[in-house]
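Have a look at the structure below, then the notes.
The values are calculated or read from the model by the stated rules, or taken from the named source; none is laboratory data. Predicted model only: the values in this text are computed from it and were never measured.
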Amino acid sequence: MEFRLNFKLGLVAVIVLAVFVTLYYKYIYKRKEYIPVSFDEQIELGFNSDNFNITNNLNDTRQGLNELELREINNLMNTNKISFDQARLKRLERTLNQNNIDESGLPRDPKFVQFK
């Protein structure tokens, strides 16, 4: 009886561990994809468009685009199956919303006064 109880607890622990490892890999480890730091590599991965052309920066000595922002844009592109420009727009809209700014660029603060 005691052996069966220990065996069941061990089996449950293995299943819980397997589920945890699977979820960790799917949602945390896999999302930490490599984001290149050079403009060349960023263009190859699709972080370039007609509206946001970084090909003029190829001979630039600066580092590429901001890694954290690119990671967020890359995540939006992959999860929503959208283009680079659409992902940039979604990220901008989210940032504006977080900072309490409406679509026109005006603050949503009730104390805001605008003179024309």
Fill in the blank from the handout: The lone condition residue 65 fails out of (1) modelled with pLDDT under 75; (2) in a helix (DSSP H, G or I); (3) within 15 Å of residue 88 (Cα to Cα) is (2)
Exercise for the section: Return the residue satisfying two criteria in turn: it lies in the stretch 49-62 and is of a type in the set (Ser, Thr, Tyr) and not in a helix (DSSP H, G or I), and of such residues it is modelled with the highest pLDDT. Expected result: 49
Problem - Residue ID - farthest from the chain's Cα centre (by Cα), chosen from residues in the stretch 74-113 that are among the hydroxyl-bearing types (Ser, Thr, Tyr) and not in a loop (DSSP other than H, G, I, E, B) - result: 95
